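Step one of this worksheet: look at the structure below.
Readers should treat all values here as calculations from the given coordinates under stated rules, not as data from a laboratory. Everything quoted here is computed from the prediction, not taken from an experiment. Note that each Cβ is placed from the backbone with ideal geometry, even for glycine, and that neighbours are counted across all protein chains shown.
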Amino acid sequence: MIRLVNLHKRFFAGTDREIHALKGVNLELQKGSFTVLVGSNGSGKSTLLNLIAGSIRADEGKIEINGTDVTRLTAHQRSPLISRVFQDPLMGTVSELTVLENFRLAALRGKTKGLSIGANWEFESIVKEKICEIGLGLENKIHQPMGTLSGGQRQALTLTMSVMDQSSLLLMDEPSSALDPATADTIMRLAQKITNQHQLTTLLVTHNLKDAIQYGTRILLMQSGAIAKDLNEDQKKALQPQELINWF
């Protein structure tokens, strides 16, 4: 479970450019839930995601993941608990390394680094099996450099790598916005599948209103640094596209 208590974040504090990006956000995300976060540019969505990930620090408030207070932990220290998929497909993987080597890094996240993991056929077999579930034929390309693959293929692999360790939280920041419609749909369906199968707690930031309605079990609207609307699964199912458009 993820618990956010009275989170505040200011940028350029004490200057005439001060921005109060988050204003006392309180939120709980239950294990295995898939929450969609929408809002206009500047509403605080990405700031909230970055605070949870540890990329930036909160000025006030507390962040708990599975009962552990991680508020003052760095992004690296939180990494065993969190997997992340970025808007830019190039950010989630290492281009110069092979697909298999990227999976090795994902499996080692949060563990003491050593040479044994991923160095044998058993690990390679596990990786191939997981990649095969995507259905894109990438299991035959595990020895290729990641940089030779398309953006959509890399996003799909990044999602698959999210379940290679013991992380329980998946953060996705516009993961399909840079992809063509067909590939974007594949990525979103894969995210839903992985969330369901592995009981990940998933938080998706998106501007795609179709995806906001189609995916997830809860939807939040952020406005001016605060959560303005919070719809549960039944309310979300009843949400009509025009009503969602009217929120903006």
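Brief remarks follow.
- Nearest-ten-degree value, helix 121-132 long axis tilted from longest Cα axis of the chain: 50
- On Cα atoms only, tilt of 99-108 relative to the major axis of the chain in degrees: 60
- To the nearest ten degrees, helix 151-161 and the longest principal axis of the Cα atoms of the chain are 90 degrees apart.
- Normalising the average separation of contacting C-alpha pairs (under 8 angstrom, six or more residues apart) by the number of residues puts the relative contact order of the chain at 28 percent.
- The local environment of Glu243, defined by Cβ-Cβ distances under 13 Å, has a net charge of +3 under the rule Lys, Arg +1 and Asp, Glu -1.
- The order of the peptides 200-206, 24-30 by mean Cβ neighbours within 10 Å, most packed first, is 200-206, 24-30.
- Karplus-derived 3J(HN,Hα), 6.51/-1.76/1.60, for each residue of the range 162-176, Hz, glycine and proline x: 5, 10, 8, 10, 9, 4, 10, 10, 10, 10, 10, 10, 6, x, 10
- The calculated FRET efficiency for Arg72 paired with Arg3, based on their beta-carbon distance and R0 = 22 Å, is about 0.90.
- Local electrostatic count at Ala21 - Lys and Arg +1, Asp and Glu -1, tallied over other residues with Cβ under 14 Å: +3
- If both residues of a DSSP beta bridge must be in the chain, then about 55% of such bridges are antiparallel.
- Under the Karplus curve 6.51 cos²θ - 1.76 cosθ + 1.60, θ = phi - 60°, whole-Hz ³J(HN,Hα) for the range 133-150, x wherever Gly or Pro sits: 5, 5, x, 10, x, 6, 5, 8, 10, 5, 9, 8, x, 4, x, 7, 9, 6
- Environment charge of Asn66, counting only residues whose C-beta is closer than 13 Å and scoring Lys/Arg +1, Asp/Glu -1: 0
- Approximate spin-label separation Ile56-Ser150, in nm, with each point projected 7 Å along Cα-to-Cβ: 3.4
- Ala21 long-range amide H proximity, modeled H, under 5 Å: Lys9, Arg10, Phe11
- Computed from the alpha carbon atoms alone, the convex hull of the range 106-248 holds 139 Å³ per residue.
- Correct option for mean projected area of the Cα convex hull in nm² [calculated from the coordinates] among (1) 12.4; (2) 15.9; (3) 14.0: (3)
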